[in-house]
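The structure under discussion appears below in the form of structure tokens.
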Amino acid sequence: MFGRRNSLSLWSRITAFIWPRGGWRRQGTYVAHRLKRLPGTPNRIAAGFASGVAVSFTPFIGFHFILAVGLAGLLRGNYIASAVGTAAGNPWTFPFIWIGTYKLGHWILGSAGGVTLPDDIGMSYMFDHPLEVLWPMAIGGGIVGTLAWFSAFFLIRTIVTRYQFQRRRRLLRKARRKRAKHSKLAAVASEAEHGV
């Protein structure tokens, strides 16, 4: 019922993932709007979203959704918000995340980590020596992810709290107007009934 009339080709899906048809700003606005309208308390929504953001800094691509939902479950966060939060890790941000978390993890481990990479590191080296790359990235990603969790939590909680407050106020005004209209109609009907 809600599917596309003509399904997209694989290339079209990949292109849309890297660069959305409406642009990143429109995509971000849509995601923010959907996030604010999720059911639940601001704390639960913020904890879920922050879990997704935090997990995006780990090197375990392919498991981000599972890890985000697991972390959101531990923190009593919203599962849908956690899936939305994983969008922080995308083709545009992953190179910066990977380089930054690797360098931070390598700096923390120092010589104790025993990690010295060649200057011309490539995919073959990463597959032949996974721990030399993943271990520093996991350490750095854990630290950056924790900081990102707190930043995202407080930001999203503020946004959702404000949105829910304004929405309740808007619905209350609408209900008052409706009540006033009904009471006016009832008064007019009563006058007409007594006047006859």
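Measuring r between the beta carbons of Thr158 and Phe96 and using R0 = 30 Å, the FRET efficiency lands at 0.75. For region 51-91, run through the chymotrypsin sites (Phe, Trp or Tyr not before Pro) and keep only the ones in DSSP coil with at most 10 other Cβ atoms within 10 Å of their Cβ. Taking region 51-91 and a limit of 10 other Cβ atoms within 10 Å, no loop chymotrypsin sites (Phe, Trp or Tyr not before Pro) are found.
Each reported figure results from applying straightforward, stated rules to the coordinates on display, with no laboratory input. Computed from a prediction, not measured in an experiment: that's the story for all the values here. Don't worry about glycine lacking a Cβ; one is built from the backbone with ideal geometry, like all the others, and counts go over all protein chains shown.
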